[in-house]
Each structure stands twice: as structure tokens, then as C-alpha cells.
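Working notes, beginning with the structure itself.
Quick note: the coordinates plus some simple rules give every number you see, no bench work behind them. Since this is a predicted model, take the numbers as computed values, not measurements. Backbone-built Cβ (ideal geometry, glycine too); neighbour counts: all protein chains shown.
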Amino acid sequence: MKVGICFVRPELEKAAKKIVQNCDGLPLAIIIVGKHLSKSEKTLEYWTNVAEKQIPIFDSTDDLEVFDALTIRFYNFPFDILKLVRLRYVAFTYNGELPASISKLWGLQYLIVRQHLSIKYSGVGSYLPMEIWSMKELRHLQVMGSNLPNPCGGSLLNLLTLSDVSPHSCTEEVLKGTPNLKK
């Protein structure tokens, strides 16, 4: 995610502040609204309608394929990303366990979840959900310190890269379930 200075025309500034306020400080909401507004008409009427929540923002992001937010720390899992089923690449910083519903992102090819470095490791590894094995399009999985459960007969044939998982994940069953690993 690239963050920079945004210049808003003076007549749109009030609506822009209201839009950001409506995002409740949620980084994903701000990213999605910003993407939407960058492609929309720059009229006061339109931005005011967005500020008043008369425009369905998620309807306009159905085509979003990349969610790169590694520089943003999420304290709670960003469940809104599960509505973006066309995502191919997801990267963010989060210290909790991934929910089983992550598998709703059926076309996901790259999943990168980093832990925030200021959080001290408790020594107890988190587990990836068993449903990770149903994500058949995964090519790259990088989830710091998490344990990959045994596949119970499942496989990830497209998975080429598996990194930063717990060493306890390197079982014979996991390796058999990921026969095309390169790295």
C-alpha cells in the first residue's frame, strides 16, 4: 500500500473529512473508499452522497484483486476483506489467528500475514485453520509463526512457496500435501 499526500479541492474538503470520519479509523475502509473516490467524479454532489453513505462502496470494489496493507497493523481480523472474493493477493500485519472463513477467498493465490514486531512471542504458536487446505489456488503462503495443520487427505497442488510457518508444520503429511513446493 502506498501512502502519500492527497490534495483535495477546497470545495470537496468538508465532504472528504466526513468520509474519513465515517470510516471509523478502519484502514481497510479508508483504502477502499479512497480507491473508489480516485476513480469517481470529483463533484461536491457525488462526494456528499458518499459521505452520507448513499453510495454502496463495496459494490464498486468487486474487481479488487490486490489488498497490500503490510504497513498497517490490524488489531482485529479485517473481516471486510472476505467480501472481496476476487482477491488474488492479500498481505497485512496481524497477530491473531486467521478465521476459517478466510477460505471464502477461493481464488486467493498469495497470502502474507506478518506479525507486529513489538508484540512479544508467548511461545504458544497459533494454528492456521484446517480450511486453508481448501484454498486450491494458493501459490504463496507466508504466515509468521503459525502452525499449518495436517491436511487430512487434502492437498495444495499449486503451492510453490511456504515460508515463516512454525517448524512443527514440516511434517511428512504436510509435505505430501504440498508436492510442488519450490521454496
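Couple of notes before you dig in:
- Across 104/183; 35/83; 14/42, pairs whose alpha-carbon gap is larger than 18 Å: 104/183
- In region 62-183, the DSSP beta bridges split such that about 0 percent are antiparallel, to the nearest 5.
- Taking every alpha-carbon pair within region 62-183, the share separated by more than 20 Å comes to 38 percent.
- Simple spin-label estimate for residue 20 and residue 136 gives 4.5 nm between the two label positions (7 Å along the Cα-to-Cβ direction from each Cα).
- The slack in the chain from residue 127 to residue 160, taken as 0.36 nm per residue of separation less the alpha-carbon distance, amounts to 9.8 nm.
- Gain on full stretching of the segment that runs from residue 86 to residue 170 - 0.36 nm per residue minus C-alpha separation: 27.2 nm
- The calculated FRET efficiency for residue 13 paired with residue 71, based on their beta-carbon distance and R0 = 30 Å, is about 0.75.
- Using a simple spin-label model with pseudo-atoms 7 Å out from Cα toward Cβ, residue 48 and residue 63 lie 2.9 nm apart.
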